[in-house]
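Accompanying notes for the structure given below.
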Amino acid sequence: MVTSEPTGILNPKQRARLLAALYIAQEQYGWLSPEAIQRVATRLNLKPGQVYSTASFYTMFKLEPRGQYLIQVCEGLSCYLVDSVEPMIDHIKKRLSIEAGETTSDGKFSFEIVQCLAACDFAPALKINDELHGNVTLNMIDELITDLSNR
Amino acid sequence: MIVAHMMFEPVLTKNIYKKDSEKISTYLANRGYEASRQALTEFTPEELIELVKRSGLRGRGGAGFPAGLKWSFMPKDHDGMKILAVNTDEGEPGTFKDRQIVERDPHLVIEGVIIACFAVGASRAYVYIRGEFFLGVKRWIKAIADAYEYGFLGENIFDTTFSLDMSVHRGAGAYICGEETAMLESLEGKPGRPRLKPPYPTQTGLFGLPTIVHNIETLACIPHIVQKGADWFASIGTAESKGPKIFSVSGHVEKPGNYELPLGTTLKEIIYEHAGGVRYGKRLKAIIPGGASTPILTADQVDTPMAFETLEKAGSQLGTGGIVVMDETTCMVEVARRSTKFFAHESCGRCVPCRIGSIRLLETLDRIEDGQGLPDDIESALYLAKNIDGNTFCPMGAALVNPARSSIMKFREEYEYHISHKKCMVGSK
């Protein structure tokens with residue numbers, strides 16, 4: 001788990017620790033449940049509303065449970081231009097039998113369509129949890145999903 | 001005739017292909033931390049500000065503000081803490097230079113940070129990095145920890161009275177946090193919504209303190225300016241655009257990637273000499289020169305030099321230098337639609353023209369692309385663009401209308417064909 005403030009420098013205001021705290025909470029709970037939000041609020045001496053306001057603004061904070069592996073496919077311009085985004089999206093939907101934004105019934109995979117991952121040099125790109133994959137092919141997707149399914 | 005810069009010796013990217021380029025041992029083995037030592041022991045802060053002013057360095061994050069001038073705006077009589085905020089929130093579609101810098105040569109940026117902080121009297125530097133850059137976050141954290149261990153950060157750097165603390169702050173997925181005041185809001189733990197300017201960050205920035213914000217490519221230039229001099233830097237580039245620049249090239253090219261070249265290198269040279277030309281031998285149709293928010297250029301503008309003033313004259317902007325190349329099979333309505341979808345998704349929601357306008361613009365483009373376009377739709381899109389641009393807190397309003405407006409201006413016949421024939425002129429998509 002990577003958080004900020006590796007060097008132990010204190011932020012002058014408690015609220016400035018909020019994004020880092022939300023990452024930790026999300027790691028522990030798997031998602032930012034109302035309970036997690038409340039705990040972060042208590043620890044940082046903030047109102048739950050303040051915590052929720054920040055948590056709901058950023059796409060990487062999940063306010064609903066999600067699968068163990070979150071597959072994010074970039075549909076940005078450069079990935080689109082290399083001709084393979086639509087087939088990739090269709091392939092993943094079929095393979096996992098879910099639509100974008102959904103989670104498989106076993107809770108293993110979630111699938112999202114996202115915007116530019118700043119990986120245009122090896123488009124098309126996708127991300128699984130924190131790991132970025134470039135020059136993705138349908139075969140690669142099959143291998144990745146099979147590998148993760150067996151873990 | 002193409003005047004090739006094949007001989008140009010990379011400066012900003014000279015280390016990145018070395019083995020273990022991100023490690024402090026590699027950096028030190030290549031005269032690392034000599035520039036910052038020199039700056040702190042041989043220069044006064046005023047001399048450094050003067051040096052950077054004379055170099056002509058302009059910001060590499062998109063706006064192109066003169067760096068030395070920005071440094072001189074930091075108050076000299078401020079008693080409390082001053083701050084440098086380091087922008088690694090790269091999210092502009094078509095841009096991937098900052099990711100490469102932080103993953104492969106973070107110490108170059110730390111040196112730039114040390115020098116900039118010494119020059120403006122800042123004692124704390126906050127790195128803001130895009131949440132998706134997992135490897136980048138790890139590299140930043142390791143690099144900063146190592147720099148502390150070697151005494152390049154912390155108390156009394158190089159046995160001077162200057163002290164500097166630096167830490168990493170991970171963003172969490174919001175394009176708008178690349179805008180400097182939105183980034184400050186996010187650093188404070190709030191939703192990243194831009195602030196109204198003035199006051200500018202140099203007066204009232206992070207936690208209300210004087211704050212200077214720089215993109216990491218700008219900071220990567222600083223150590224080289226200190227070592228090689230302002231005249232060396234100013235000798236590279238054009239009249240108003242000095243120094244080397246990393247151009248990210250993607251889309252329909254044989255060799256997508258980052259290419260470091262002098263500012264003022266033509267698009268033609270970058271695309272054909274360096275990025276291997278348009279892929280599969282196809283014909284060039286259009287180019288986005290500086291990331292998705294910059295106006296689209298046509299193939300006959302390929303001789304335009306990549307410099308602030310020349311791109312402005314061509315009706316576009318240098319932006320981040322993220323070049324997206326499109327060949328003859330590209331549907332320009334779809335290109336505009338995709339970019340607009342991105343901006344509509346990333347609008348922070350504060351200003352109505354951006355929040356609602358982007359959605360209305362996207363709906364209009366969706367209709368045209370899907371063959372449901374109405375006869376008035378082109379004019380409606382232009383009307384929306386006119387009323388969004390300039391009517392928002394931050395530059396997002398201007399940015400979001402550029403794909404639609406510029407492609408209508410340059411490729412209007414494609415829009416008309418889409419509406420009248422209910423299908424695409426290009427046919428492939």
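The values are calculated or read from the model by the stated rules, or taken from the named source; none is laboratory data. From a predicted model like this one, the values you see are computed outputs, not experimental measurements. Because the Cβ atoms are built from the backbone with ideal geometry, glycine has one as well, and the counts that use them run over all protein chains shown.
With a requirement of 2 or more residues that are acidic (Asp, Glu), the helices (runs of 4 or more DSSP H) lying completely within region B:45-123 that satisfy it span B:45-55, B:97-104. With respect to the stated conditions, A:Thr54 is β-branched (Val, Ile, Thr), buried (at least 18 other Cβ atoms within 10 Å of the Cβ), out of contact with any His (no Cβ under 8 Å at 6 or more places or on another chain) and within 11 Å of another protein chain (Cβ to nearest Cβ).
Every condition in (1) among the aromatic types (Phe, Trp, Tyr); (2) more than 11 Å from every other protein chain (Cβ to nearest Cβ); (3) crowded, with 22+ Cβ neighbours inside 10 Å holds for B:Tyr126 except the one numbered (2).
Pairs are defined by a Cβ separation below 6 Å, a sequence spacing of at least 6 or placement on different chains, a first member in region A:23-44 that is away from chain B (no Cβ under 14 Å), and a second member that is of a type in the set (Gly, Ala, Ser) and part of a helix (DSSP H, G or I); the pairs so defined are A:Tyr29/A:Ala36; A:Ala36/A:Ala25. Residue selection: B:Glu132 fails the criterion of being touching a Ser or Thr at 6+ places or on another chain (Cβ under 6 Å), of a type outside the set (Val, Ile, Thr) and crowded, with 24+ Cβ neighbours inside 10 Å.
Here B:Lys70 fits the description: over 15 Å from B:Pro106 (Cα atoms) and at pLDDT 95 or above.
Residues that are closer than 25 Å to B:Ala292 by Cα, among the aliphatic types (A, V, I, L, M) and at pLDDT 95 or above within region A:38-72 comprise just one, A:Ile71.
Which residues, taken from region B:290-341, are in a strand (DSSP E or B) and among the acidic types (Asp, Glu)? Before the answer, list the steps.
So the first thing to find is which residues in region B:290-341 are in a strand (DSSP E or B), and the list is B:297-298, B:305, B:322-327.
Correct list: B:Asp327 only.
In the set (1) surrounded by fewer than 24 Cβ atoms within 10 Å (Cβ to Cβ); (2) within 30 Å of B:Phe393 (Cα to Cα), the condition left unmet by B:Asp165 is number (2).
For region B:129-152, which residues satisfy the criterion of being more than 8 Å from chain A (Cβ to nearest Cβ) and either in contact with a Phe, Trp or Tyr (Cβ under 7 Å, 6 or more places away or on another chain) or not in a helix (DSSP H, G or I) (or both)?
Of region B:129-152, the ones more than 8 Å from chain A (Cβ to nearest Cβ) are B:129, B:136, B:139-140, B:142-143, B:146-147, B:149-152.
Within region B:129-152, B:Ile129, B:Tyr150, B:Gly151, B:Phe152 qualify.
What residue, among those in region A:126-151 that are buried (at least 19 other Cβ atoms within 10 Å of the Cβ) and facing chain B (nearest Cβ under 10 Å), is nearest to the chain's Cα centre (by Cα)? Checked region A:126-151; the qualifying residue nearest to the chain's Cα centre (by Cα) is A:Lys127. Taken over region A:56-115, the residue count meeting the criterion of being within 15 Å of the chain's Cα centre (by Cα) and outside any loop (DSSP other than H, G, I, E, B) is 13. Of the residues B:Val168, B:Val137, only one is farther than 26 Å from B:Phe65 by Cα and of a type in the set (Val, Ile, Thr); which? Of the residues listed, the single one that is farther than 26 Å from B:Phe65 by Cα and of a type in the set (Val, Ile, Thr) is B:Val137. Here B:Thr202 clears all of (1) hydroxyl-bearing (Ser, Thr, Tyr); (2) within 13 Å of chain A (Cβ to nearest Cβ); (3) not in a helix (DSSP H, G or I) except the condition numbered (2). Take the residues in region B:137-171 that are of a type in the set (Val, Ile, Thr) and touching a strand residue (DSSP E or B) at 6+ places or on another chain (Cβ under 8 Å), then tell me which one is farthest from B:Ala116 (Cα to Cα). By that ranking, first place goes to B:Val137. Residues considered: B:Glu273, B:Glu240. Of these, the only one that is away from every other protein chain (no Cβ under 11 Å), outside any strand (DSSP E or B) and touching a helix residue (DSSP H, G or I) at 6+ places or on another chain (Cβ under 7 Å) is B:Glu240. Going through region B:108-123 one residue at a time, which ones are within 14 Å of chain A (Cβ to nearest Cβ) and out of contact with any Lys or Arg (no Cβ under 9 Å at 6 or more places or on another chain)? Listed by number, the residues that qualify are B:Ile110, B:Val113. Any idea which of (1) in contact with a strand residue (DSSP E or B) (Cβ under 8 Å, 6 or more places away or on another chain); (2) within 14 Å of another protein chain (Cβ to nearest Cβ); (3) within 24 Å of B:Thr202 (Cα to Cα); (4) surrounded by fewer than 23 Cβ atoms within 10 Å (Cβ to Cβ) is the one B:Pro66 doesn't satisfy? Answer for B:Pro66: the failing condition is (2). Here B:Met326, B:Met332 are screened, and the one residue that is more than 10 Å from chain A (Cβ to nearest Cβ), touching a residue at least 60 places away in the same chain (Cβ under 8 Å), buried (at least 18 other Cβ atoms within 10 Å of the Cβ) and touching a strand residue (DSSP E or B) at 6+ places or on another chain (Cβ under 7 Å) is B:Met332. For region B:354-376, the tally of residues that are buried (at least 19 other Cβ atoms within 10 Å of the Cβ) and assigned to a helix (DSSP H, G or I) stands at 9. Within region B:349-381, the set of residues being of a type in the set (A, V, I, L, M, F, W, C) and over 15 Å from B:Asn402 (Cα atoms) comprises B:Cys351, B:Val352, B:Ile356, B:Ile368, B:Leu374. Based on what the data block shows, is B:Gly208 modelled with pLDDT under 95, touching a Gly at 6+ places or on another chain (Cβ under 9 Å), within 11 Å of another protein chain (Cβ to nearest Cβ) and surrounded by fewer than 20 Cβ atoms within 10 Å (Cβ to Cβ)? No; evaluated as a whole, the condition is false for this residue. Across region B:153-185, the number of residues qualifying as in a helix (DSSP H, G or I) and either in contact (Cβ under 8 Å) with a residue 60 or more places away in the chain or within 10 Å of chain A (Cβ to nearest Cβ) (or both) comes to 12.
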